[in-house]
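Each reported figure results from applying straightforward, stated rules to the coordinates on display, with no laboratory input. The structure displayed is predicted, hence computed values, not measured ones. Here the Cβ positions follow ideal geometry from the backbone for every residue, glycine too, while neighbour counts run over all protein chains shown.
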Amino acid sequence: MQDVIILGCGVIGAACAYTLSRYDVSVTVLEKSNDVANGTTKANSAIVHAGYDPRPGTAIARLNVEGNRMMEDLCRRLDVPFKRIGSHVLAFSEADLSHLQVLYERGVKNGVPDLRILTGEEARLMEPNLSEAVVGSLYAPTAGIVSPWELTLAMAEVAVRNGVELILEAPTTAIRQEEDGTFTVTTPKGDFRAKTVLNATGVDAEAVCGLLGVHEFTLTPNRGEYYLLDKSEGTRVRSVIFQCPDENGKGVLVSPTVHGNLIVGPNAEAVSGADATENTAQGLSFVKKQAIRSVPTLSFRENIRNFAGVRANHAEDDFLIGESSTFPGFFHLAGIKSPGLTAAPAIAKEAAEYVASRTPLIPKAEFSDGRRVIRFKSLSEEEKRAVIARNPLYGRVICRCETVTEGEIVAALQSPIPPTTVNGVKRRVGAGMGRCQGGFCSPRVQEILARELGIPMEAIPLDQPGSNILTGRTKEEYR
C-alpha cells in the first residue's frame with residue numbers, strides 16, 4: 001500500500017509528485033494517457049500570469065501570485081525555458097479604462113508588484129505594433145511565458161528519479177474507500193491502494209469524483225482555439241498582449257512563445273468533454289478578428305499550426321481544491337482553469353499540506369533535484385564541437401527547422417520517462433515544431449524510436465494509441 005496516489009499527470013499532478021518526492025512517503029501517479037502532459041497542459045496559452053485578475057481573498061488569487069514568484073527559480077533548477085517578459089491588458093474605451101483600474105486595485109490587494117496603468121502612447125512606446133485604437137493598458141512586468149509540457153515533464157522526471165512510481169495508460173475506472181479509511185483505485189493496469197488520494201484529473205475530475213458515488217461539484221469543459229505563427233512573426237510583440245477579460249476568460253491574447261513563435265488565441269466555447277479538441281472555422285475566425293483589434297499588423301499567412309485545448313471551467317470564481325466533504329483523505333485539485341499553470345507549484349505545496357494531515361512528511365536524507373538538457377542549437381560553436389566529440393550522434397541533424405539532433409532524441413529515450421510516440425519526442429526535444437511541422441523529420445524520428453525501442457516502425461503511433469502512421473508495406477523487394 002502506498003501513502004499517496006495522485007490521479008493524473010498534467011502540470012498539477014506532476015507538481016504534486018515533484019513536491020512529495022522530497023519526502024519519505026511512497027507515491028504512485030496514475031495517468032490515463034500514454035505520456036505525461038497530454039491533456040489541458042499541452043494545449044494552452046503557456047502564460048505565467050502576474051495575478052491581478054483573480055478576486056482578492058480567493059485561493060486562486062493567493063496561489064496565482066505565489067506560483068508566479070516560485071516559477072523562475074523552479075524553471076532554473078529544472079532547465080525549463082522561461083522568460084519574464086511582462087504583459088499588457090489593453091483598453092479600447094473609457095469603460096475598458098475603468099476596468100483596468102479595477103484590475104490594478106485587485107492586483108495591489110493580491111500582492112502583485114510594480115503594476116502600472118499606461119496611456120495609449122506609453123503602451124505603444126513599449127509595443128509599437130499595438131493598434132492606434134488602444135487608449136491605455138495595465139502593465140504587469142512580472143508576467144512571463146513558459147513551456148508547459150517541458151515543465152510538467154521535468155517535474156515528473158525528477159519525481160520518478162526520486163522514487164515516485166508513474167503508471168501510464170492507467171485510467172481510473174473505479175474507486176472505493178475501505179473500512180480502514182484507505183482507498184482502492186482500479187485501473188486496467190491493476191488495483192492500487194493508498195491512504196490519501198489527490199484527484200488532479202483535469203476535465204475528468206468531476207467524473208472521477210463520481211466514481212465514489214457522490215457529486216460534489218460540476219465542471220463545464222471549455223474549448224479554446226489557437227493559431228501558432230512562424231518565428232518570422234515571433235517579434236511582432238515583445239510582451240503578452242491581453243484584452244479586457246470577461247466571464248469567459250482573459251480574452252484573445254497575442255504573445256511570444258519561449259521557442260520564438262507567436263501564439264494567438266483563444267476563444268472560449270463550452271463543449272461536451274475533454275476530447276472535443278477540433279478546430280472550427282467559426283472559432284478561428286473569431287480569434288483572428290479579435291487579435292487584429294490588438295495588433296493590426298499580424299500576418300496570419302505565417303500560420304504553421306492550429307490547435308485547441310480543453311480546460312475545466314466551472315461557475316465558482318475560484319479553484320475547487322480541498323478535502324472531499326464525504327470521503328476523508330480524498331482531495332480535490334479540480335476546476336483548475338486559468339491561471340492553473342502559473343499556480344501549479346503553489347497548489348502542489350498546498351496539496352503536500354493535505355497529505356501531511358494524514359501522513360508525516362519527513363524530508364529525505366538524499367534528494368536528487370534538478371536536471372540539465374543539451375539543446376544543441378543553443379550551444380556555442382565550441383560547445384557543439386565538444387558535444388559531438390563526446391557523442392557523434394549530436395552531429396546528425398534530424399529536424400532541420402529546429403536544429404534538433406539524433407543525440408538529443410536518443411537522450412530523451414534514455415530519460416526517466418522516455419517517449420514512445422512521435423509527438424512524445426516532439427514535446428521533449430522540439431523535433432517537428434518548426435515551419436514544416438514534421439513533414440521532413442517525422443519519418444526519421446519514427447525510425448529512431450523503432451530502433452531504440454526495439455519494435456517495428458508500424459508499432460510507433462503519432463500520439464495516442466490507434467494514431468498509426470504506418471500499417472505495413474505497400475511494396476516488397478524481389479531479388
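Ordered by the count of other Cβ atoms within 10 Å of each Cβ, fewest first, Val134, Val373 give Val373, Val134. Placing unit charges on the Cβ atoms of the charged side chains and taking the dipole of the range 376-459 about its Cα centre, the candidate lying farthest along the positive direction among Thr405, Leu449, Leu393 is Thr405. Our summary gives the range 376-459 a relative contact order of 24 percent, counting only alpha carbon pairs under 8 angstrom and 6 or more residues apart. Full extension of the segment from Glu447 to Arg124, taken as 0.36 nm per residue of separation minus the current Cα-Cα distance, would add 111.4 nm. Using the average count of surrounding beta-carbon atoms within 10 Å as a protection proxy, the listed peptides 229-237, 110-118 rank, highest first, as 229-237, 110-118. Compare the Cα positions of Phe376, Pro465, Pro418 along the charge dipole of the chain (+1 at Cβ of Lys, Arg; -1 at Cβ of Asp, Glu; about the Cα centre) and return the one farthest towards the positive end. Highest projection toward the positive end goes to Phe376. Among beta bridges from DSSP that stay inside the chain, the antiparallel ones total about 75%. Among the chymotrypsin sites (Phe, Trp or Tyr not before Pro) in the range 313-357, none is located in a DSSP loop while being surrounded by at most 15 other Cβ atoms within 10 Å of its own Cβ.
Where in the range 150-212 are there trypsin sites (Lys or Arg not before Pro) that are in a DSSP coil and have at most 15 other Cβ atoms within 10 angstrom of their Cβ? For trypsin sites (Lys or Arg not before Pro) across the range 150-212 that sit outside H, G, I, E and B with at most 15 neighbouring Cβ atoms in 10 Å, the list reads Lys189. Summing Cβ point charges (Lys, Arg +1; Asp, Glu -1) relative to the Cα centre of the range 376-459 gives a dipole of roughly 140 debye. Spatially, the range 217-240 and the range 324-387 are offset by 24 Å when compared through their Cα centroids. In this label model, Ile469 and Ala174 are separated by 3.9 nm, measuring between points 7 Å along each Cα→Cβ vector. Annotation for Val214 and Thr280: the two label points, set 7 Å from Cα along the Cα-Cβ direction, are 3.5 nm apart. To the nearest 0.05, what FRET efficiency results for Leu379 and Arg400 with a Förster distance of 22 Å applied to their C-beta separation? Step by step, r from the Cβ atoms, then E = 0.85. The alpha carbon centroids of the range 293-316 and the range 61-100 are separated by 18 Å.
Which whole DSSP H helices in the chain pass both tests: a Cα extent of 15 Å or more along the axis and a mean Kyte-Doolittle value no lower than 0.0? Helices passing the filter in the chain: 148-161, 340-356. The fewest-to-most ranking of Thr277, Thr173, Thr40 by surrounding Cβ atoms within 10 Å reads Thr173, Thr277, Thr40. Each residue, Thr186 and Arg293, gets one label point 7 Å from its Cα in the Cβ direction; the gap between the two is 5.0 nm.
Within the shell defined by Cβ-Cβ distances under 11 Å, the residues around Val134 carry a net charge of -3, with Lys and Arg each +1 and Asp and Glu each -1. Our analysis of the chain gives Rg over Rh at 0.97, with the two radii drawn from alpha carbon positions and Rh computed by the Kirkwood formula.
In the chain, Cα pairs under 8 Å separated by at least six residues give a relative contact order of 19 percent. With the cut-off at 32 Å, tell me which of the pairs Lys189/Lys288; Lys42/Lys384; Lys288/Lys337; Lys83/Lys288; Lys384/Lys426 have Cα atoms farther apart than that. Among Lys189/Lys288; Lys42/Lys384; Lys288/Lys337; Lys83/Lys288; Lys384/Lys426, the Cα-Cα distance tops 32 Å for Lys189/Lys288. Using the Cβ-Cβ distance between Asp114 and Lys364 with R0 set to 45 Å, the FRET efficiency works out to roughly 0.75.
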